[in-house]
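The values are calculated or read from the model by the stated rules, or taken from the named source; none is laboratory data. Only a predicted model underlies this, so the values are computations on that prediction, with no experimental measurement involved. Ideal geometry is used to build each Cβ from the backbone, glycine not excepted, and the neighbour counts take in all protein chains shown. Keep in mind that these areas ignore ligands, DNA and RNA; they rest on the heavy atoms of the full protein, side chains included. Shrake-Rupley method; radii C 1.70, N 1.55, O 1.52, S 1.80 Å.
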Amino acid sequence: QVQLVESGGGLVQAGGSLRLSCAASGRFFGIGAMAWYRQARGKQRDLVASITSGGAANIADSVKGRFTISRDNSDNTMYLQMNSLEPEDTAVYSCFAQIRTSELSDTSNYWGQGTQVTVSS
């Protein structure tokens, strides 16, 4: 069974940094695009950043210059480096991946369980 497991969330003061990780486990053939989403309380879920299997990244304007997305294909892990955090960044951060479970199958969408990031002012 394929799983995405996030880690690295927590409580940090404004101006601080956190690094989130998302590791894929289980049996699968390959991972395509991956992404980080976040959802603040009472708000819709928003795309924070995405990255293709080849490493091409896209960052939301709201975090551009502060957040960096990367991945290690050899370790099936994606990262989100978050610097200069602001209280407005407080949210549950979830990872997403398009995963092919066999050579002949199409990709399916998988989500992690989410990790809380809280930035205090």
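What to note about this one:
- Distance in nm between pseudo-label sites at T118 and R41 (7 Å out along the Cβ direction from Cα): 0.9 nm
- Alpha-carbon Rg with Dmax, taken over the chain, Å: 14.2, 50
- Calculated accessible area for the stretch 12-121 comes out at 55 Å² per residue, all protein chains present (probe 1.4 Å; ligands, DNA, RNA ignored).
- Whole-angstrom gap from the stretch 67-85 to the stretch 13-46, using each part's C-alpha centre: 9 Å
- Around the Cα centre of the chain, unit charges on the Cβ atoms of Lys, Arg, Asp and Glu (plus for the first two, minus for the last two) sum to a dipole of about 120 debye.
- With contacts taken as Cα pairs under 8 Å and at least 6 residues apart, the stretch 46-105 reaches a relative contact order of 20 percent.
- Relative contact order of the chain: 35 percent, from C-alpha pairs under 8 Å at least 6 residues apart in sequence.
- Of all accessible heavy-atom area on the chain, the percent that carbon and sulfur account for (1.4 Å): 43 percent
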